[in-house]
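Chemist: Quick one: this structure, given as structure tokens, is what I'll be asking you about.
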Amino acid sequence: MVVGSNPTILEMWRSAKIIGSGLATIGLAGAGVGIGIVFHGLITGTARNPAIRNQLFSYAILGFALSEATGLFALMMSFLLLYS
């Protein structure tokens, strides 16, 4: 089916791209929750044992990076769907 042959099909195609792009951003909520959990663990661990703060901080930064990577992947997919 040729997308450009019928104006109705073209509008449906554009609408599907916008809806798909919006649904792809749901992954950003998961990244936000993951980052919150990581830093909650950092604060709790530091409160329980302040002596290992530096080690906990390095683990927290690693967890932050991995959580943020999934969010950036979801954002990239959203932009790819929207602008392709």
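Please treat every number below as a calculation from the coordinates, not as lab data. Since the model is a prediction, treat every value here as computed from it, not as a measurement.
Chemist: With angles folded into 0 to 90 degrees, how steeply does helix 7-24 sit against the dominant principal axis of the chain? Use alpha carbons for both and round to 10.
Modeler: Roughly 10 degrees, rounded to the nearest 10.
Chemist: Would you mind listing how long the chain runs along its three principal axes, going by Cα atoms, in whole Å with the largest first?
Modeler: For the chain, the Cα spread along each principal axis is 68, 14, 13 Å.
Chemist: Please turn the phi angles of the range 66-73 into ³J(HN,Hα) values with the Karplus equation 6.51 cos²θ - 1.76 cosθ + 1.60 (θ = phi - 60°), one per residue in order, whole Hz, x for glycine and proline.
Modeler: 5, 5, 5, 4, 5, x, 5, 5
Chemist: If a/c stays under 1.5 just call it rounded; otherwise compare a/b with b/c (prolate if a/b is bigger, oblate if not). Do that for the range 1-49, with a ≥ b ≥ c from the square roots of the Cα gyration tensor eigenvalues. Intermediate values should be presented prior to the final figure.
Modeler: Working: a/c = 11.77, a/b = 7.87, b/c = 1.49.
Note, shape of the range 1-49 comes out prolate.
Chemist: Using only DSSP helix segments of four residues or longer, with each worth -39500 (n - 2.57), what per-residue ellipticity at 222 nm results for the chain after dividing by its residue count and rounding to 500? Walk me through the numbers on the way to the answer.
Modeler: Working: 3 runs with 72 residues, N = 84.
Mean residue ellipticity at 222 nm (helix-derived): -30000 deg cm²/dmol.
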